[in-house]
Amino acid sequence: MADKNKAITLRINRRELATILAALRYHQDENLQGGRDGKNIPDRFIRQIATDGDTLKALDFQEVDRLCRRLNAGGARHTPRGLDVEPPPGGDGVEPLFRVVYCIDVGAIDPLGAARKAHELMIDPDSLPPVLEVIDARGSVTTLDLSNEAPA
């Protein structure tokens, strides 16, 4: 039996990559919403493909998202550099859980100095409101420019 974690090499063109990504996103949207796992994929035929005939655990919503991002980065001419921010875990609280990402460039002597300068800007009441990326537990990203918000 083949090792389920062994990497494979696959040579595809850009059209094929686009089709694979579309199929993955469709599968993610249709079959993996609401925390469904591989055993709960409604379509038996798709479940058999996703689990390789029940020999593998199907990828969950977030794993498919990570795979799509890896495929996109590998197919791009210039792979973006920076942090790969994962969605927050699905919460069981009263309110849904979001991950809010705040990026800022600051000059400093070292990482600690940069972190302190960024924090000073974040808490400065005279600082301009930031642009934030907000990620929900499904991995959907919303960009919000708080400087365009009406005053409260």
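The values are calculated or read from the model by the stated rules, or taken from the named source; none is laboratory data. The shown structure was predicted, so the numbers you read here are calculated from the model rather than taken from an experiment. As a convention, Cβ positions derive from the backbone with ideal geometry for all residues, glycine included, and neighbour counts pool all protein chains shown.
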Looking at region 120-133, which of its residues are under 18 Å from ALA108 (Cβ atoms) and more than 25 Å from the chain's Cα centre (by Cα)? GLU120, LEU121, ILE123, ASP124, SER127
For LEU83, work out the one condition from (1) modelled with pLDDT under 85; (2) closer than 20 Å to ASP29 by Cβ; (3) surrounded by fewer than 13 Cβ atoms within 10 Å (Cβ to Cβ); (4) touching a strand residue (DSSP E or B) at 6+ places or on another chain (Cβ under 9 Å) it doesn't fulfil. (2)
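Kindly indicate the residue of region 118-142 that is of a type in the set (Gly, Ala, Ser) and farther than 30 Å from LEU32 by Cα and also modelled with the lowest pLDDT among those meeting that condition.
From region 118-142, those of a type in the set (Gly, Ala, Ser) are 118, 127, 137, 139-140; that's our starting set.
Those still in the list that are farther than 30 Å from LEU32 by Cα too: 118, 127.
Details: ALA118: 92, SER127: 87.
Among those that are of a type in the set (Gly, Ala, Ser) and farther than 30 Å from LEU32 by Cα, it is SER127.
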Given the residues ALA108, ALA150, ALA115, which is the only one that is among the hydrophobic types (A, V, I, L, M, F, W, C), part of a loop (DSSP other than H, G, I, E, B), modelled with pLDDT of 85 or more and loosely packed, with under 13 Cβ neighbours inside 10 Å? ALA108
List pairs: first residue in region 107-131 and among the aliphatic types (A, V, I, L, M), second residue part of a helix (DSSP H, G or I) anywhere in the structure, Cβ distance under 6 angstrom, at least six positions apart or on different chains. ALA108/ALA114; ALA108/LYS117; LEU128/SER147
